[in-house]
Each structure stands twice: as structure tokens, then as C-alpha cells.
1. Go over the candidates Ala59, Ala26, Ala48, Ala87 one by one and state the one that is of a type in the set (A, V, I, L, M), near the ligand (Cβ under 10 Å from one of its atoms) and surrounded by 23 or more Cβ atoms within 10 Å (Cβ to Cβ).
2. Determine which single condition Gly54 fails, assuming it passes every other condition in (1) of a type outside the set (Phe, Trp, Tyr); (2) surrounded by fewer than 24 Cβ atoms within 10 Å (Cβ to Cβ); (3) near the ligand (Cβ under 7 Å from one of its atoms).
3. Exactly one of these conditions fails for Arg187: (1) modelled with pLDDT of 95 or more; (2) crowded, with 23+ Cβ neighbours inside 10 Å; (3) touching a strand residue (DSSP E or B) at 6+ places or on another chain (Cβ under 9 Å). Give me its number.
4. How many of the residues in region 357-377 are within 16 Å of the ligand (Cβ to nearest atom) and in contact with a Gly (Cβ under 8 Å, 6 or more places away or on another chain)?
5. Across region 88-122, what is the number of residues that are of a type in the set (Gly, Ala, Ser) and under 27 Å from Pro144 (Cβ atoms)?
6. Can you name the number of the only condition in (1) free of Cβ contacts under 8 Å to residues at least 40 places away in the same chain; (2) away from the ligand (no atom under 16 Å from the Cβ) that Gly81 fails?
7. For Glu96, indicate whether it is surrounded by fewer than 22 Cβ atoms within 10 Å (Cβ to Cβ), within 14 Å of the ligand (Cβ to nearest atom), of a type in the set (Asp, Glu) and in a loop (DSSP other than H, G, I, E, B).
8. Just checking, does region 127-134 include any residue being at pLDDT 95 or above, over 16 Å from Leu349 (Cβ atoms) and touching a His at 6+ places or on another chain (Cβ under 7 Å)?
Amino acid sequence: MTISKLSAFRPRILVIGAGLMGLWPAAILAQKGCAVTVLEANPSAIGASWAAAGMLAPASEVGETQDDPGSLGRFGAHSLGLWQDWAQRFAGGGHEVCWRPFGALLSAFDDQGLQRLERTHRAAMALDLHPKTISIEVARQQEPALSAKAIGALCIADEASVDPRLVMQALQAWLQSHGGNILFNHRVVDIDLRPSGVSLGCDHDQRFEADQVILAAGFQAGDINGVDAMAARLHPVKGQMLELSVPDNPIRAVMRDAHAYLVPRGDGRMIIGATSEPGLEDARPHEADIAALHTRAAKVVPALAQARITDRWAGVRPQSVDGLPIIGPLEATGRLFANAGHHRNGVLLAPASAHMLCDMILDDDASPFATPFSPARFASC
Ligand SMILES: Cc1cc2nc3c(=O)[nH]c(=O)nc-3n(C[C@H](O)[C@H](O)[C@H](O)COP(=O)(O)OP(=O)(O)OC[C@H]3O[C@@H](n4cnc5c(N)ncnc54)[C@H](O)[C@@H]3O)c2cc1C
């Protein structure tokens with residue numbers, strides 16, 4: 001459906017979940033003239049999107065395990081390109097999202113770490129992100145706080161970071177300024193496909209009717225009656241994080257080694273992450289894990305050992321069974337769509353996923369990236 005057709009018929013679209021996978025398509029669809037309502041289970045959206053560090057790191061993430069960027073890495077690099085534009089749009093609307101296009105500096109402290117740098121270099125080359133293997137001396141000129149004990153360093157100039165909580169605020173404002181709204185404390189418990197549209201039931205017996213629905217409920221998407229099949233496709237992966245107070249801002253780029261990443265916000269806060277705990281869905285931080293992360297961060301930047309911990313939290317990543325996001329129609333009539341399963345890369349992939357999904361919903365041209373992420377890949381499972 002094109003924008004001109006929308007002016008004759010204004011589709012009613014319900015979005016389940018006010019994380020980045022719900023808010024971003026909601027904001028785009030509202031801007032394009034749809035009547036959009038987001039239903040969020042909690043009093044505020046404090047899921048994985050709220051918990052995330054905000055690294056936009058397609059190559060650094062690929063290099064954790066492999067050197068071939070694959071469909072996920074290429075989609076990530078495409079989304080990184082969209083981020084630049086969106087950061088400017090948000091700023092133009094008065095919403096700074098802490099856009100920091102200052103690259104990533106990866107360091108190694110042992111042979112395994114060096115192999116990881118080599119994998120990441122190859123991935124970044126394949127994605128055209130301008131990686132450079134540099135000596136420790138050069139790395140310490142760029143980031144003087146880097147430990148002198150590092151034995152290898154890789155700079156990826158084109159990676160970036162944002163503050164996901166500010167992005168969520170910006171998207172909420174964008175949505176509302178285009179006539180959309182968000183209903184908090186509305187947990188969807190069932191989805192009923194009807195000949196004329198879709199009916200959603202909430203936990204306090206309220207029902208909502210729509211022409212189309214986007215399921216963006218994070219790792220809990222399969223808890224809703226009517227889409228139970230999603231439960232077998234999504235697994236929770238808990239991640240714990242901490243915030244340090246570093247008033248003198250010792251680093252500029254995102255810095256990471258094999259065991260920790262450091263994301264400066266540029267305002268005296270440094271975000272350190274993260275644990276990866278498959279199967280756990282409680283969002284409680286544990287002091288022993290937080291202390292271990294702090295120690296790992298101080299191995300990369302020793303000055304951080306003295307920094308005060310000012311906050312700690314946890315979130316639950318939605319991981320699909322094959323590690324790829326699930327984006328597209330969940331049934332043949334084009335009334336129910338998923339935007340889920342973005343695991344470690346949801347902040348990075350959010351704009352590309354939203355644009356691709358909105359094009360599907362509005363019947364615009366199909367994205368060349370769509371096939372590997374289609375829910376249809378599970379049809380034979
Ligand atoms: C610690 C941590 C660090 C991360 N760091 C990064 C990073 O640096 N870069 C990156 O790209 N990605 C990162 N990620 C991954 C990224 O955060 C996720 O992939 C992404 O946020 C998932 O977004 P989502 O909207 O699918 O899920 P969520 O943000 O969890 O949103 C789902 C929403 O749906 C709501 N909901 C659930 N069930 C219902 C229901 N039945 N009815 C209504 N609402 C419902 C929930 O309350 C929630 O608000 C990180 C994740 C974690 C946990």
C-alpha cells in the first residue's frame with residue numbers, strides 16, 4: 001500500500017511492545033499516515049532496548065566468532081548507514097541521542113585475543129568499515145588510557161554508539177507527534193485473526209481491533225496465545241551491565257577486548273558490559289558479576305579500577321534459534337507481522353529492520369535483505 005492509497009484508507013495498526021523493535025516501525029508507520037497504537041505490558045518500557053549499551057558495531061560483533069559477515073553482518077552494515085541519517089533527523093527534531101561516530105578500538109592481551117582481532121579485521125574489510133591494525137604505541141596515542149599491557153590493537157573507524165534510552169524517548173516523541181499513541185500497562189494475552197482484521201485481548205479484559213499487528217514483544221513474544229509457536233523460536237539471554245562515573249572522560253571511542261566493552265557517553269558516564277547468560281530471564285544484576293565486569297574493564301583501561309560504580313542493571317536479549325532476527329509476516333494474509341529475535345544487535349539493526357518491515361506492511365518494494373530473516377524459514381520446522 002502506497003502513501004497515496006493510505007489517504008483513502010487509513011490502516012489501524014497495533015504494535016505489541018514498546019522496545020526499539022516496536023517503537024521504530026510504529027513511528028515510521030504513523031508518519032506515513034497509519035493510525036498506530038503501541039501496547040506495552042509494563043508501566044515503562046524497560047526491556048532489552050532500555051538495558052542495551054548502544055554499540056553500533058557490525059564488524060566487532062561478527063568478529064567475536066567468525067570472519068564472514070554473512071547476512072547478519074551485511075544487514076548490520078546497511079543499518080549503520082541508516083543510523084547516520086536517523087541521528088541527524090532526531091537531532092533536527094530536538095532529540096539528541098548521544099550519537100558518537102568515533103569508531104571502535106579493539107585490543108588483545110593474548111593469542112586468542114589476537115586471533116579475534118584478525119577475524120574482526122577481515123569482517124570489517126568485507127563490510128567496508130575501514131579497519132586498521134595498529135601498533136600499541138599508535139593505539140595509545142589515539143586512546144592514551146589503553147593499558148600498556150595490550151599486545152595487539154585494531155581500529156574500526158566507522159563503528160559508532162548511541163544512548164538507546166534517548167533513542168526510545170526520541171521515537172516516542174516522533175510517534176506521538178504523528179498522531180500515534182502508547183498505552184502502558186497493557187499486556188497482550190491473546191491474538192485472534194479474524195476475516196476482517198485482528199483482535200487483541202489484554203490482561204484486564206480490554207480488546208482492541210486492528211487491520212494489522214506487529215509482534216515486537218522481545219523474548220516474551222511466544223507467551224501470547226495465538227502466536228505460541230514463537231516460544232520455540234526465541235530464547236532469553238540475560239545481560240548484566242554497570243555504569244562508572246568518570247568525570248575526566250578518559251576515552252573517546254568504544255573500546256573492547258574479548259571479555260568486556262566500554263562505551264563512553266561523553267558526559268562523565270562510562271557503560272561497561274556485558275554478561276551473556278543463556279536461558280535466564282530475570283533482570284536482576286548480581287554484585288559478583290558486576291564486580292567481575294568492572295575488573296575486566298580495568299584490564300583494558302587501568303584507570304577505571306578506581307572509578308565509582310554509579311548504577312547496575314540487567315536486561316534479557318531475545319535470541320532466535322538460528323541467531324538471526326525474525327522480521328516479516330507470520331501468516332499468509334498479511335495481517336500479523338513479527339519484528340523480534342535481534343539478540344545482541346537490536347540497537348544496530350533497529351532502523352533497517354523497521355524500514356524493511358514497514359515496506360512489507362505498506363506493500364512497497366521488497367528489501368534485498370529480507371529472505372534470511374523471514375519467519376517463513378521456520379515453516380518446515
Ligand atoms: C545488556 C544488553 C546489552 C546490549 N547491548 C547492545 C548493543 O550495544 N548494541 C546492540 O545493537 N544491541 C544490544 N543489545 C541487544 C538489544 O538491546 C536487543 O536486541 C533489542 O533491544 C531488542 O529489542 P526488542 O524491542 O525486541 O525487545 P525489548 O526491548 O525487550 O522490548 C520488548 C517490549 O515488549 C514488552 N512486552 C513483552 N510482552 C508483552 C506483551 N504480552 N504485551 C505488551 N508488551 C509486551 C516488554 O515489556 C518490552 O518493553 C543489548 C542487550 C542487552 C540485554
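The values are calculated or read from the model by the stated rules, or taken from the named source; none is laboratory data. As the structure is a prediction and not an experimental result, all values here were calculated from the model. For neighbour counting, all protein chains shown are included, and Cβ atoms are generated from backbone atoms with ideal geometry for every residue, glycine included.
1. Working: Ala59 fails: near the ligand (Cβ under 10 Å from one of its atoms); Ala26 fails: near the ligand (Cβ under 10 Å from one of its atoms); Ala87 fails: near the ligand (Cβ under 10 Å from one of its atoms).
Of Ala59, Ala26, Ala48, Ala87, the one residue that is of a type in the set (A, V, I, L, M), near the ligand (Cβ under 10 Å from one of its atoms) and surrounded by 23 or more Cβ atoms within 10 Å (Cβ to Cβ) is Ala48.
2. (2) is the only condition that Gly54 fails.
3. (2)
4. Here the count works out to 3.
5. Number satisfying all stated conditions: 5.
6. (2)
7. Values: surrounded by fewer than 22 Cβ atoms within 10 Å (Cβ to Cβ): yes; within 14 Å of the ligand (Cβ to nearest atom): no; of a type in the set (Asp, Glu): yes; in a loop (DSSP other than H, G, I, E, B): yes.
Considered against the rule, which asks whether it is surrounded by fewer than 22 Cβ atoms within 10 Å (Cβ to Cβ), within 14 Å of the ligand (Cβ to nearest atom), of a type in the set (Asp, Glu) and in a loop (DSSP other than H, G, I, E, B), Glu96 comes out as no.
8. yes
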